[in-house]
Amino acid sequence: MRRIRIHVDRPLKTGDEITLPAQTAAHMAHVLRLRVGDALTLFNGDGCDYGAELTSASPREGRARILAARRVDTESPLRITLAQALARGEKMDWIVQKAAELGVASIVPLITERSEVRLDAARAHKRVAHWRAVIAAACEQCGRARLPEIIAPQSMETWLASLECDEGAARLALFPDGNLSPRDSGIAANCAILAVGPEGGFGECDIAALRAADFRGLKLGPRVLRTETAGLAAIAALQALYGDF
C-alpha cells in the first residue's frame, strides 16, 4: 500500500479540516488519482506526521480532515551543517535534495572566490524559495518531519564571521591537500560543519580564511570528486561513523 506524505506550510491540529495548496490539490487529482476518503499524511516541519483523509479531491480544491498526530523520530543524532559553494545549473538542486535525504540539519549556500554563479538579491530570494520547495519534496519522500534550514547565499567572509559563537562543532572542509579521513575527524559534540567548494574548488583566499577559522582538511580517498559528489559522499561517511547509518 502506497504512503502519501504531503508538506503543508501551516499549523496543523487534530480535528481540523484544512484546504490544501492549489498545486497540491492538482497533483493529487491528476497524478496521484486520490479520491474523497483516501488516506494521506500531512506534515509541516514541527516533528509530527498528521494522519488525514481527503474530504474534497477536485483539481481545483483539495481538503483534508486531520485525524491524528504522531511524533516522528527520523532526525540524525549528528547535526551536520553543509556549507556548499554555489554550483551551476541543476547541480545545486541535486545537492540540496540529496543533502536533505541524507539528514543534514542546515544548508548554507556560499559565494566563494571561484564561484561562477552570481545572484542579485531578487534572484537569490527566488532561489531560496525554490530550494525550500526542493527540501520539502525530499522530506515528503524520505520521511523526515523536520525540514533542514536553508538560508540566503552569503559570502565566505560573512558566513565565517557568523560562526564565532559556535565553538562546539567539528569544522571540516574539502581541501585539495586534506589529509584527515572521516574516521579520524574526531567529532565529539554530535555537531559538524562541512564546507565544500565550487566546480573549480576553493581558491587560495578561501582556504586561508577557512584554516584561520579552524577548519581542518578532509580527505575522501585518492580520487578527485565533483562538487555535487564530494559533499554528499562526506555526509554519508560522517553519518555512517557518527550518525544513524
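The values are calculated or read from the model by the stated rules, or taken from the named source; none is laboratory data. This one's a predicted model, so the numbers in the text were calculated from it and none came from an experiment. Cβ sites come from the backbone with ideal geometry, for glycine too, and all protein chains shown count toward neighbours. Remember, those area values only see protein heavy atoms, side chains included, never the ligands or the DNA or RNA. Shrake-Rupley method; radii C 1.70, N 1.55, O 1.52, S 1.80 Å.
For Ile95, the conditions (1) touching a Leu at 6+ places or on another chain (Cβ under 8 Å); (2) assigned to a helix (DSSP H, G or I); (3) within 26 Å of Arg70 (Cβ to Cβ) are fulfilled apart from (3). Close Cβ contacts (under 6 Å, 6 or more residues apart or on different chains) running from residues in region 78-104 that are more than 22 Å from Glu116 (Cα to Cα) and open to solvent by 10 Å² or more (accessible area, probe 1.4 Å) to residues that are in a strand (DSSP E or B) and not polar (S, T, N, Q) comprise Arg79/Cys191; Thr81/Ile193.
For region 140-157, the set of residues classified as surrounded by 13 or more Cβ atoms within 10 Å (Cβ to Cβ) and either assigned to a helix (DSSP H, G or I) or at positive phi (or both) consists of Glu140, Cys142, Gly143, Met156, listed by residue number. Cβ-Cβ contacts under 6 Å between residues 6 or more apart (or on different chains), taken from a first residue in region 42-64 that is in contact (Cβ under 8 Å) with a residue 40 or more places away in the chain and more than 18 Å from Val31 (Cα to Cα) to a second residue that is surrounded by 18 or more Cβ atoms within 10 Å (Cβ to Cβ) and among the aromatic types (Phe, Trp, Tyr), are listed as Asp49/Phe43.
Remark: pairs (first residue in region 11-22, under 11 Å from Ile66 (Cβ atoms); second residue open to solvent by 50 Å² or more (accessible area, probe 1.4 Å) and assigned to a loop (DSSP other than H, G, I, E, B); Cβ separation under 8 Å; 6+ apart in sequence or on different chains) = Leu12/Asp46; Ile18/Arg10. Residues that are out of contact with any Asp or Glu (no Cβ under 9 Å at 6 or more places or on another chain) and modelled with pLDDT under 90 were ranked within region 35-76; the one that is most open to solvent (accessible area, probe 1.4 Å) is Arg60.
When each of Ile151, Ile193 is tested for being under 14 Å from the mean Cα position of the chain (by Cα) and free of Cβ contacts under 8 Å to residues at least 60 places away in the same chain, the lone residue that passes is Ile151.
Applying a threshold of 6 Å to beta carbon distances and a minimum spacing of six or more residues, or different chains, the list of pairs starting in region 216-241 at a residue that is part of a helix (DSSP H, G or I) and ending at one that is aromatic (Phe, Trp, Tyr) reads Glu228/Trp94; Gln239/Phe245. When residues in region 95-135 are screened for being among the hydroxyl-bearing types (Ser, Thr, Tyr) and closer than 21 Å to Ala145 by Cβ, 1 of them pass. Among residues of region 200-212 that are touching a residue at least 24 places away in the same chain (Cβ under 8 Å) and assigned to a helix (DSSP H, G or I), those with a Cβ under 6 angstrom from a residue that is open to solvent by less than 90 Å² (accessible area, probe 1.4 Å) and of a type in the set (S, T, N, Q), sequence gap 6+ or separate chain, pair up as Asp206/Thr112.
Using the structure shown, decide if Glu116 is assigned to a loop (DSSP other than H, G, I, E, B) and either out of contact with any Asp or Glu (no Cβ under 8 Å at 6 or more places or on another chain) or open to solvent by 20 Å² or more (accessible area, probe 1.4 Å) (or both). Yes, satisfied.
Against the numbered list (1) open to solvent by less than 40 Å² (accessible area, probe 1.4 Å); (2) modelled with pLDDT under 95, Asp177 comes up short only at (1).
Only residues that are loosely packed, with under 15 Cβ neighbours inside 10 Å and either within 12 Å of Gln97 (Cα to Cα) or touching a residue at least 12 places away in the same chain (Cβ under 8 Å) (or both) were counted in region 123-132, giving 2.
Residues are listed down the side, and each one gets a yes or a no for (1) touching a Gly at 6+ places or on another chain (Cβ under 9 Å); (2) more than 26 Å from Pro148 (Cβ to Cβ); (3) not aromatic (Phe, Trp, Tyr):
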{"position": "Ile4", "(1), (2), (3)": "no, no, yes"}
{"position": "His7", "(1), (2), (3)": "yes, no, yes"}
{"position": "Arg10", "(1), (2), (3)": "no, no, yes"}
{"position": "Glu17", "(1), (2), (3)": "no, yes, yes"}
{"position": "Pro21", "(1), (2), (3)": "yes, no, yes"}
{"position": "Thr24", "(1), (2), (3)": "yes, no, yes"}
{"position": "Val31", "(1), (2), (3)": "no, no, yes"}
{"position": "Val36", "(1), (2), (3)": "no, yes, yes"}
{"position": "Ala39", "(1), (2), (3)": "yes, yes, yes"}
